[in-house]
Every structure is written in C-alpha cells, then in structure tokens.
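Below is one structure; the comments refer to it alone.
The values are calculated or read from the model by the stated rules, or taken from the named source; none is laboratory data. A quick note: this is a predicted structure, and the numbers were derived from the prediction, not measured. So basically every Cβ, Gly included, is an ideal-geometry build from the backbone, and we count neighbours across all protein chains shown.
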Amino acid sequence: MEKIIEEKKQGTTIKPIQKSGNTRKLYIESYGCQMNFSDSEIVASILSKEGFNTTSSLEDADLVLVNTCSIREKAELTVRKRLEKFNAVKKTRPHMKVGVLGCMAERLKSQLLEEEKIVDMVVGPDAYKDLPNLVKEVDDGRNAVNVILSKEETYGDIAPVRLNSNGVTAFVSITRGCDNMCTFCVVPFTRGRERSRDPQSIVEEVNDLWNRGFKEITLLGQNVDSYLWYGGGLKKDFKDSTEIQKATAVNFSQLLAMVAEAQPKLRIRFSTSNPQDMTMDVIETMAHYNNICNYIHLPVQSGSDRILKAMNRLHTRDEYFKLIDNIRKIIPDCAISQDIITGFPTETEQDHQDTLSLMDYVKYDFGFMFAYSERPGTMAARKFEDDIPHEIKKRRLSEIIEKQLAHSLYRTQLHIGKIEEVLIEGVSKKSDTQWRGRNSQNTVVVFPKENYKVGDFVMVQIDSCTSATLIGTALDYSENN
Ligand code: SAM
C-alpha cells in the first residue's frame with residue numbers, strides 16, 4: 001500500500017524522443033515526487049534544443065542525468081547506488097558525462113563534485129535553463145555547478161516534452177517551492193520559496209494538451225491551495241504588492257474555474273492540498289464544475305494535536321475534521337487520501353492511537369504512509385532527537401498500513417452496483433483483454449475491452465472489487481465522449 005503507484009515509477013527512464021538533426025544522446029532517470037518527473041520533461045525540452053535526443057539505454061548515452069529526491073534518507077541512498085553504477089559504465093565510455101539534478105543537487109551542492117568526485121555536473125531545481133552553459137562547461141572538461149534558487153523561475157515559458165506519456169493524462173505544474181516550513185520537511189530548502197506560475201501560461205498549456213488529444217490533467221504543486229498569481233514574485237512578498245496587483249490577483253479556486261471553463265470536457269485533478277490552506281471556495285468550485293474530479297489528496301501527517309504542532313502543521317485535529325465534514329457535505333462522493341508520517345520525534349503510543357482514531361473518522365480511500373526519516377538541516381533535526389526506535393516505527397507503520405487497507409476495501413466496496421464514468425488510460429496490467437482506467441474518485445477500474453479505445457470516456461457498471469481496484473463491465477460511451 002505504501003506509495004504503490006509512486007514506488008513503481010521510481011528510477012524510470014523515458015521513451016526515446018527523436019528530433020532530426022540531434023546527434024547526442026541523453027539518458028535521464030527520475031526519482032521522488034511527481035514534480036521531479038515533470039521537471040525531467042522540462043530538462044528534456046531544454047536539451048533537445050542543444051542537440052540531445054533521449055535514449056532509454058544507459059550504455060548508449062553521452063550525457064546521463066539523474067533527477068533526485070531528498071525527502072527521505074532511503075531516496076538518497078537509492079540515488080547513490082545508481083551513481084556507482086553510472087561510474088562503472090563511465091569506465092568503458094570515458095566521454096560520458098554524469099549530472100545530478102533536483103533536490104539532492106540542491107541539498108549537497110558541490111559536495112558530490114569536490115569531495116566525493118562522483119559526478120561532472122550538479123544542477124538545482126531552479127537552474128535548468130542554465131543547462132546549455134553547464135553542458136558546454138563539462139564538454140570543455142570542467143566540472144559545472146548551478147544551485148542558485150530563484151524568486152521568479154516557474155518554467156512557464158518552456159513547453160515540456162511529454163516523456164513517459166500515455167497520450168491521455170498529463171501533469172501541469174502551477175507552483176514551485178514551498179513556504180510551509182513543516183519541521184520534518186526538506187522541500188523549502190531544496191526547492192526554495194513558493195512562487196506561482198502565470199495563469200495565462202497554464203491555460204495555454206492546458207489548451208495545447210487538449211488539442212493534442214489529452215483528456216485529463218493534474219495541476220501540480222507542493223501546496224496547490226496556496227497558489228497566488230499577482231504578476232510574478234514570491235508568495236511571501238504579496239503583502240507588499242500594489243493595490244492593483246492585489247485587486248487583480250488570481251487564487252487557486254479562480255485558477256481551477258479558469259481551467260475548467262477553458263476545456264469543459266477535460267478532466268481536472270490537482271495535487272497536493274494542504275489542510276491549512278484549503279478554503280471553502282475551492283470545495284465549492286469543485287462541486288460547481290462537472291469536469292473537476294471528486295478527489296482530494298489531503299495529507300494529515302498525524303492525528304495528534306501535540307505532534308501536529310511539533311511538525312508545524314498549522315491546523316488541529318478538530319479543524320481537520322471540520323474540513324472533512326465540509327468536503328463530505330458539499331461533495332458527498334468525494335474521495336480523500338492521506339500522507340501520514342509515523343514515529344516523528346517524541347511520538348507516544350497515545351499520539352499513535354490518535355492517528356489511528358483519526359483514520360477511523362475519515363476512512364480514507366487511499367494512503368501514502370512513511371516512517372519518519374530525519375533530514376539534515378530541517379527544524380526537526382535541529383530541535384528534536386530522532387528518538388523513536390526503528391522497531392517501534394516499523395510496528396506503528398504496519399498498524400497504520402493495515403488500517404488503511406481495511407478502509408480502502410470499505411471505500412472501494414461502496415462503488416459496487418454503481419455506474420461510473422471511466423477514462424481509459426491503457427491496458428490492464430493483469431490481462432491484455434481488459435482496459436484500465438480511473439473513475440472521478442481516482443480508483444482504478446478494469447473491464448473487458450470490447451470496441452472501446454484508449455482515451456474514451458466510458459460508462460462502466462461496477463460488479464466487484466479488490467481493495468485497490470474496481471472490476472466492471474462497459475455499458476456505453478459517456479456523454480463526455
Ligand atoms: N507538500 C505536501 C505536504 O506537505 O502535505 C507533500 C510533500 S512531500 C513531497 C510528500 C510526503 O512525504 C509528505 O506529505 C510526508 O508525508 C512525507 N515526508 C516528508 N518529509 C518526510 C520525512 N522527513 N520523513 C518521512 N516522510 C516524510
């Protein structure tokens with residue numbers, strides 16, 4: 001259950017994209033959150049103009065890039081193992097260059113170059129437009145580094161090369177960085193302060209995706225509810241903006257409405273929501289537009305008020321319950337998923353029980369659950385000892401996962417007997433005679449193919465389920481088709 005979908009994607013490389021005239025080969029591997037996978041599409045776009053086609057074969061590559069994650073220690077260890085492998089390949093391909101992108105690049109800065117000497121290039125998440133210069137540097141035999149974080153950069157002007165695309169669903173980045181300063185989290189240090197992308201460029205990208213046949217987009221940010229466009233600049237500087245900037249600013253619910261109206265047949269999702277920033281107008285906008293899916297990823301991290309405070313999550317357990325009640329009142333069939341961290345410093349058995357009882361109240365549809373991993377430089381690492389023994393973290397995590405599995409089964413069973421609209425994304429992983437798609441609530445649905453095709457919206461009668469998958473029979477095309 002733990003990050004089922006995301007775990008499978010870790011380290012995936014990309015389908016080869018060929019542009020005629022390009023002669024060099026780029027191999028790029030991505031780890032971590034969806035934002036990194038989206039960033040790799042920006043990087044491929046920038047380097048395609050510099051003569052690089054992508055390859056899925058490491059042994060053919062002239063340039064190897066690894067887009068890294070620092071969120072937990074395990075993520076960094078995985079990347080280090082891959083760097084060892086890249087260095088082994090380099091021995092047989094001495095001209096091959098290796099670069100580290102993303103959060104590890106930002107966190108470790110030049111350490112990987114100067115002390116460990118295991119890479120040629122280090123590029124932080126806000127420096128990808130500098131890649132053409134950095135590649136020239138390494139071509140000339142020098143190491144290259146740019147880890148400058150930006151106040152403005154959103155890559156709104158770069159058309160991403162859709163890499164592992166199914167041609168049906170795509171991610172559209174709307175904010176970068178994060179201002180929340182959750183004490184456990186490395187993101188504000190590796191991705192910088194929060195800034196939003198121009199809504200016009202977002203709508204243009206969405207229109208372009210629709211025109212190219214895409215049927216669903218997910219608006220992406222560390223904290224989408226905090227989206228605020230007032231002409232550019234950091235969210236924290238909004239208070240100093242002019243009266244006219246304040247009057248014409250666009251917030252997240254307005255952006256959602258703009259996108260929903262721009263393409264009324266396109267399905268819209270968003271991730272991630274933060275309880276402290278999610279407002280009623282977002283929930284009302286979701287209810288108002290049929291094409292905004294009934295699904296909210298709403299990480300809670302802990303069910304204990306004391307731990308929430310220590311994590312600097314700016315809401316209480318009761319406030320979270322009120323938000324859940326409001327969502328259920330306004331959108332009764334809305335699916336809700338969680339992120340939970342177990343074993344945060346000082347967590348007692350009672351705090352753990354509070355998390356379990358919070359889960360019983362919400363009965364989440366899905367969940368992504370993690371044992372606390374101390375990250376150097378974060379407030380939690382500075383303030384608290386990582387004092388929960390590994391065995392206890394592991395036991396609490398398995399209790400949480402077990403509960404989530406029971407709740408997922410309960411929620412999934414509620415769909416049986418209903419007729420639901422499903423967008424077909426591809427062939428079922430278990431049977432090539434079945435299609436695989438998702439309903440509005442983001443649950444996977446499989447059903448016999450008949451004459452339908454990828455990208456069709458189909459009404460499916462739900463007949464049975466497992467804890468994570470609905471099994472059904474197609475009845476007809478939906479009105480949206
Ligand atoms: N911005 C979102 C939020 O704060 O709600 C998600 C950010 S993070 C990329 C995804 C998840 O990783 C978090 O929600 C949290 O559950 C988990 N995470 C972050 N830092 C962690 C840490 N130090 N140890 C364990 N899990 C962590």
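Filter the stretch 164-183 down to residues that are within 16 Å of the ligand (Cβ to nearest atom) and among the polar types (S, T, N, Q), then give me how many there are. Qualifying residue count, the stretch 164-183: 4.
Take the residues in the stretch 250-298 that are away from the ligand (no atom under 15 Å from the Cβ), part of a loop (DSSP other than H, G, I, E, B) and among the polar types (S, T, N, Q), then tell me which one is farthest from Val172 (Cα to Cα). Filtering first and then ranking leaves Thr279. Out of Ala371, Ala380, one residue alone is touching a Leu at 6+ places or on another chain (Cβ under 6 Å) and touching a residue at least 12 places away in the same chain (Cβ under 8 Å). It is Ala371. Scanning the stretch 184-199 for residues that are outside any loop (DSSP other than H, G, I, E, B), more than 10 Å from the ligand (Cβ to nearest atom) and among the basic types (Lys, Arg) returns a single hit, Arg195. Please tell me if Leu65 is under 27 Å from the mean Cα position of the chain (by Cα) and closer than 30 Å to Ala371 by Cβ. So Leu65 fits the description; yes. If you go through the stretch 376-414 and pick out every residue that is farther than 21 Å from Tyr361 by Cβ and not small (Gly, Ala, Ser), you end up with 17.
Here are some residues: Leu397, Leu356. Which one is under 30 Å from Gln413 (Cα atoms), part of a helix (DSSP H, G or I), modelled with pLDDT of 95 or more and within 11 Å of the ligand (Cβ to nearest atom)?
Values: Leu356 fails: within 11 Å of the ligand (Cβ to nearest atom).
Exactly one residue qualifies, and that residue is Leu397.
Taking the stated definitions as given, is Gly367 on the phi > 0 side of the Ramachandran plot and either among the β-branched types (Val, Ile, Thr) or within 12 Å of the ligand (Cβ to nearest atom) (or both)? Considered against the rule, which asks whether it is on the phi > 0 side of the Ramachandran plot and either among the β-branched types (Val, Ile, Thr) or within 12 Å of the ligand (Cβ to nearest atom) (or both), Gly367 comes out as no.
Listed here are the residues, each with its yes/no results for (1) within 16 Å of the ligand (Cβ to nearest atom); (2) closer than 21 Å to Thr348 by Cβ; (3) not in a helix (DSSP H, G or I).
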site: Arg382; (1), (2), (3): yes, no, no
site: Ile392; (1), (2), (3): yes, yes, no
site: Glu402; (1), (2), (3): no, yes, no
site: Val422; (1), (2), (3): no, no, yes
site: Gly426; (1), (2), (3): no, no, yes
site: Ser431; (1), (2), (3): no, no, yes
site: Ser440; (1), (2), (3): no, no, yes
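Among the candidates Ile42, Ile71, which residue alone is within 16 Å of the ligand (Cβ to nearest atom) and surrounded by fewer than 23 Cβ atoms within 10 Å (Cβ to Cβ)? Step through it out loud before you land on a result.
Values: Ile42 fails: within 16 Å of the ligand (Cβ to nearest atom).
After applying the criteria, what remains is Ile71.
Evaluation of Glu399 against the conditions (1) on the phi > 0 side of the Ramachandran plot; (2) more than 25 Å from the chain's Cα centre (by Cα); (3) surrounded by 14 or more Cβ atoms within 10 Å (Cβ to Cβ) shows that the sole unmet condition is (1). Within the stretch 427-473, the residues that satisfy the criterion of being within 18 Å of Ile416 (Cβ to Cβ), in contact (Cβ under 8 Å) with a residue 40 or more places away in the chain and hydrophobic (A, V, I, L, M, F, W, C) are Met459, Val460, Ile462, Cys465, Ala468, Leu470.
Among the numbered conditions (1) touching a residue at least 12 places away in the same chain (Cβ under 8 Å); (2) surrounded by fewer than 18 Cβ atoms within 10 Å (Cβ to Cβ); (3) in a helix (DSSP H, G or I), the only one that Arg80 does not meet is (1). When Phe214 is tested against (1) surrounded by 20 or more Cβ atoms within 10 Å (Cβ to Cβ); (2) under 12 Å from Ile174 (Cβ atoms), only condition (2) is not met. Among the residues making up the stretch 311-351, those that are away from the ligand (no atom under 15 Å from the Cβ), touching a residue at least 60 places away in the same chain (Cβ under 8 Å) and part of a loop (DSSP other than H, G, I, E, B) are Asp333, Cys334. Scanning for something assigned to a loop (DSSP other than H, G, I, E, B), under 30 Å from Leu163 (Cβ atoms) and modelled with pLDDT of 95 or more, does the stretch 226-242 turn up at least one residue? Checking the stretch 226-242: at least one residue is assigned to a loop (DSSP other than H, G, I, E, B), under 30 Å from Leu163 (Cβ atoms) and modelled with pLDDT of 95 or more.
Among the listed residues Val138, Val161, Val145, identify the single one that is outside any loop (DSSP other than H, G, I, E, B), of a type outside the set (S, T, N, Q) and either within 16 Å of the ligand (Cβ to nearest atom) or crowded, with 19+ Cβ neighbours inside 10 Å (or both).
Working: Val138 fails: either within 16 Å of the ligand (Cβ to nearest atom) or crowded, with 19+ Cβ neighbours inside 10 Å (or both); Val161 fails: outside any loop (DSSP other than H, G, I, E, B).
Exactly one of Val138, Val161, Val145 is outside any loop (DSSP other than H, G, I, E, B), of a type outside the set (S, T, N, Q) and either within 16 Å of the ligand (Cβ to nearest atom) or crowded, with 19+ Cβ neighbours inside 10 Å (or both), namely Val145.
May I ask you to list the residues in the stretch 272-290 that are in contact with a strand residue (DSSP E or B) (Cβ under 6 Å, 6 or more places away or on another chain) and polar (S, T, N, Q)? Show your work before the answer.
Here is the first cut: in the stretch 272-290, the residues in contact with a strand residue (DSSP E or B) (Cβ under 6 Å, 6 or more places away or on another chain) are 272-273, 286.
Thr272, Ser273, listed by residue number.
Table: residues versus (1) surrounded by 15 or more Cβ atoms within 10 Å (Cβ to Cβ); (2) of a type in the set (A, V, I, L, M, F, W, C); (3) closer than 25 Å to Ile331 by Cα; (4) over 23 Å from the mean Cα position of the chain (by Cα).
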residue: Phe447; (1), (2), (3), (4): yes, yes, no, yes
residue: Glu450; (1), (2), (3), (4): no, no, no, yes
residue: Gly455; (1), (2), (3), (4): yes, no, no, no
residue: Gln461; (1), (2), (3), (4): no, no, yes, yes
residue: Thr469; (1), (2), (3), (4): yes, no, yes, no
residue: Thr473; (1), (2), (3), (4): no, no, no, yes
residue: Asn480; (1), (2), (3), (4): yes, no, yes, yes
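With respect to Thr443, determine if the residue is exposed (fewer than 14 other Cβ atoms within 10 Å of the Cβ) and hydroxyl-bearing (Ser, Thr, Tyr). So Thr443 does not fit the description; no.
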